[in-house]
């Protein structure tokens, strides 16, 4: 990722602010406020603004439960309790706003999280940057044989080179033709003084899905965690996981106590079905179980054993 | 409204904070942050936290429209443009959190605005305060004869006194019986050491709807304006309007440019139907119109004339 | 619950419809369409309309995953897979609409589920029915000693009688005074021809929270299941659980395959934290664990053992 | 648009259903249920399911306002009243589900309407069809000179031909390279038996934004009207307006009374600011107004005159 001189100056200006406020402040997050944290080849994540911290969650919970919360003596204990019991509304009391630059095909996954506010760069109004995502060699994965949605081995040698060439050439050529149709280049120069440009809202359709876009994305802490649980998971596509990983770090800086509970109960946790509970009970009591007669399908059996990290019990 | 000594101390402590932040700050709003602004007899509105200011809206719009927004030269011009054309997402980039104390029957109206986050004091966990709303004499209105939803003349003399007595006595007695059933008073003292109290989640059902509750209510600027447009309107019930009026003032302190555009285009504006447009065209061209042959019903005709403040044209 | 003759006639009329449609139909749900299923003393649940059935979920999933779903051979297998992996959007493709009569204090819990559409009877426009909830003896529970939110033993003898009397008398008196203030009774008759009634929007504040209200409540299948998971749970207040239980039966009639997966993976399932997983692994491997050194608090240890139904391991 | 034989057969099978139901039915909508209505060159809109009709709105309103609605004597009068006064919840009581095939750049506009349920064809799981949008000559508009977001004159002759060629060639080549990278064609045939295909979730990034995708899109009547008001408007991009126009027709078939009120109060109506109201009052009273001294900017003055269709007053 390379920022323009103007962008770097803007970030410096924003960071040099020193305002006074009576609001609560998250010191570790302030340290990286406005920073453009690099993701993929041209993308970034920036925290632009936030509201609240760990104490805001506690404060909201204590309003709800009144004197009823006094039993949980510490803020950390209360936050863990709320997380464990899936209390949701206290976590909605904190809000964060990101500026994100990301490839369009990832933006299309991301936008499915509806409980958020979005202002995206509009290619109806303006010309998109000449930037597109090209995977690094180590991410050029083959289609998985066993999982319709997954990745398999990494492509090697000539084949990898061929794929990268195709991606690069197609993105470059479609972008050049985008400029030709617009009769205008991103820097504002005109291609041919004697021609008229196609409407931007039309020309954009020629761009490939790895072209970068950008947006402001604002959400509350609860929905941020819902996003991260899905998108920082190893089932998520690598390219969105790269963003989620960076955002996990901003979560830790913003609300460290919540972060810890989130990692324990959500990210590291698992769900067990009613049938799965019976299997666990039997295994603990030392009973021998024949997976075929367990009431679970082979697939479900293996999912349970993987979730519990009991690899010796896979069939 | 009377705060306890503990509450007053808590507010003072919060207000004495002087944190440094790189975030944008709304100085006029900071001045009243945490203040308990009195509403009705025991209610209040407090701004607890906020995120963003007028410049955040501009910033979000400029991300969306890129260089396309350069045509509108000033921030104020851009905000007015966005408001006039019902652009919504830039206004979602600001967030505010209130602490509100309000009668339950008003809370039930308020909660219908779904795009907000709420933490309400729970009467399953804790005992509600002994506070209930009693209207002032000048708000003791009779049922309107012409409008099923509205208020008519103010009740006078003996009848007003009777109504207030009924409200007061019923609220007090139901509250006392609430304590009797709980076998516990709000101050934590036990009524009868030999008895067991009814579960709080049950006892609360004996309270009247003018009992005060409280909550944290957080929303974005767009949805705050949607709320205020409906609830600060003269069709709204007086008791919720009293809250909306106080909140309008916080809006003005927070985002003064947006406030001005909001008052012009939303609060002071009106809608005109396609049939209404034809009437206006004819009136402007000096054409005589017979309301009966205008294509509008009498009711609709009068609504249009009232909206345009053309009282001489009412029929 | 007693319906008026007019209501009974209306239900009969609606049920006598026999329309033809090309839409999918849920035959078991059609059998009870419009029926008023009794809940509590005066409440009811009625299914008024619905859209889609189990096959609609499968259809939506197959659009999403294209040929990718062919691996799961049966509709039932696919629905179970979707439920197990928390796929949400296919379950949003079905919609249901209920007509519910319920006490106001329960309506206040219910409305916290925001992703739903609601039309509630308005006491600004109309006079509420003279009906209020009085618990049966077996539901007159004391406040739990150990759980701030819970119920303990059932009140007995004189104390139960006293509580019921207080509830009944207060509800009746506040309702009578409501009529007095309105100067109108529910049947439309005037109390005193020489007086003016207080505005309805004001008089309603005198009613107690066990007064019945009613609404149309419409939601999609995903959010219905979210509602039922919380409200049919044994931690939920009995009075809302009574509604959830009836609605679970309508779920079974509507989408029987989804219902089965829901009961297995959601209602009967449990979550395990990352620390909890380690405990389970050790228990399965036969390792002795000292709860004090398990990394879990006593409370959390017991919650895990209860969730796994390992009562002999409680401490 | 050309459907495959399988698709045509599936539609015939669905349409040959004749189920009995006690639910309300919209006969005009039933006539086109499941039909694939052609939009653009390869797109379509299909109504897949619906719930409720005009009477459902009336029914919901009468539950809310109780006897209070009796004053409005007809269903049509009540629906017009609700529309005029921006009552929203009764219109949420109806639901509709569409199956839509549309270019990705239009899908990206569409998805910004968040209050809807979506199941989109996943290019992580499956291979996208070889279909991309190419505008007709009459829609090949130049960028507007005066409006950053708009279209100007239609491109002519050689330039139009050049643009179409670029669009067509780029879409075809990027699709072919998509197949090469996948090492698989849409019909399932393998390109080179000795190679491994790139993961689908990666290969898709090479496609251009005019590639067609498809989804199930479900929303309530209120949000459908919000969508149509914005997207059937002449400011909307032609390509999404083409979809909105077809959907307007389905709205008319589904809820004809609501459709009529919607066209009068929303589509054909306009908003007037508080300053605009004063201008109208003066114009009606015959006062001469100098636009420069009207308090409106030139731009705002012209917007008002255009909204009122007073073209002789443009400056």
Original post:
Nm distances between the label at residue A:76 and the same-position labels in the remaining copies, 7 Å along Cα→Cβ, shortest first?
Top reply: 4.9, 5.2, 7.0
Original post:
From the label point of residue A:41, set 7 Å from Cα along Cα→Cβ, how far away are the matching label points in the other copies, in nm, ordered shortest to longest?
Top reply: 2.9, 7.1, 7.3
Subject >> Gyration tensor (alpha-carbon) shape descriptor, region B:219-315, a/c threshold 1.5 >> reply: prolate
**OP:** Can you tell me the 0 to 90 degree angle between the C-alpha axis of helix D:75-84 and the longest principal axis of chain D, rounded to 10?
**Re:** 90 degrees
Original post:
Which order results if C:131, B:10, C:287 are arranged by neighbouring Cβ count within 10 Å, fewest first?
Top reply: C:287, B:10, C:131
Original post:
Measuring from centroid to centroid over Cα atoms, what is the spacing of region D:86-130 and region A:72-95 in Å?
Top reply: 34 Å
Original post:
Where a ≥ b ≥ c are the square roots of the eigenvalues of the C-alpha gyration tensor, would you call chain C rounded, which needs a/c under 1.5, or, failing that, prolate if a/b is larger than b/c, or oblate?
Top reply: oblate
**OP:** Quantify how strongly other chains surround peptide A:21-34 by giving the mean number of their Cβ atoms within 10 Å of each of its Cβ atoms.
**Re:** 5
Original post:
By Cβ position, which chain B residue lies least far from the axis that rotates chain B onto chain C, and what is the distance to the nearest whole angstrom?
Top reply: B:114, 2
**OP:** Grab the DSSP H runs of chain C that are 4 residues or longer, score each as -39,500 (n - 2.57), total them, divide by all residues and round the 222 nm result to the nearest 500 deg cm²/dmol.
**Re:** -12500 deg cm²/dmol
Original post:
Once you put a point 7 Å from the Cα of residue D:191 and another 7 Å from the Cα of residue A:28, both along the Cβ direction, what distance in nm separates them?
Top reply: 4.6 nm
**OP:** Would you look at the GNM of chain D, springs on alpha carbons closer than 10 Å, and say which of D:23, D:62, D:200 moves the most?
**Re:** D:23
Original post:
What is the mean number of Cβ atoms from other protein chains located within 10 Å of the Cβ atom of each residue in peptide D:123-136, rounded to a whole number?
Top reply: 3
**OP:** For region B:140-203 and region D:163-222, compute the distance between their C-alpha centroids and round to whole Å.
**Re:** 67 Å
**OP:** Could you tell me which of rounded, prolate or oblate describes region D:274-313, using a ≥ b ≥ c as the square roots of the eigenvalues of the alpha-carbon gyration tensor, with rounded for a/c under 1.5 and, failing that, prolate when a/b is larger than b/c and oblate otherwise?
**Re:** rounded
Subject >> Inter-copy label distances at residue B:186 (7 Å, Cα→Cβ; nm, one decimal) >> reply: 3.1, 6.3, 7.0
Original post:
Using the 10 angstrom Cβ neighbour count as an exposure proxy, how do A:33, A:202, B:14, C:314 rank, fewest first?
Top reply: C:314, B:14, A:33, A:202
**OP:** Partner chain Cβ atoms within 10 Å, averaged over the residues of D:48-61 - can you pull that number for me?
**Re:** 5
**OP:** Starting from the Cα of residue A:20, step 7 Å toward the Cβ, then list every residue of region B:22-47 with an amide N under 18 Å from that point.
**Re:** B:22-35
Original post:
Using alpha carbons only, how many degrees (0 to 90, rounded to 10) separate the axis of helix A:5-15 from the longest principal axis of chain A?
Top reply: 40 degrees
Original post:
Expressed as an acute angle from 0 to 90° and rounded to the nearest 10, what is the orientation of the C-alpha long axis of helix B:157-182 relative to the principal long axis of chain B?
Top reply: 50 degrees
Original post:
Say each of residue D:169 and residue B:285 gets a label point 7 Å from the Cα, pointing the same way as Cα to Cβ; how far apart are those two points in nm?
Top reply: 5.5 nm
**OP:** Please report C:85, B:113, D:99 as a ranked list, fewest other C-beta atoms within 10 angstrom at the top and most at the bottom.
**Re:** C:85, B:113, D:99
**OP:** For chain C, set up a Gaussian network in which alpha carbons nearer than 10 Å are linked by springs, and say which option among C:82, C:283, C:140 fluctuates the most.
**Re:** C:283
Original post:
Mind checking which of B:49, B:187, B:35 has the largest fluctuation in a GNM of chain B, springs on alpha carbons under 10 Å?
Top reply: B:187
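Throughout, read-outs are computed from the coordinates displayed, never taken from laboratory work. The model shown is predicted, which means the values in this text are computed figures rather than measured ones. Cβ: placed from backbone, ideal geometry, glycine included. Neighbour counts: every protein chain shown.
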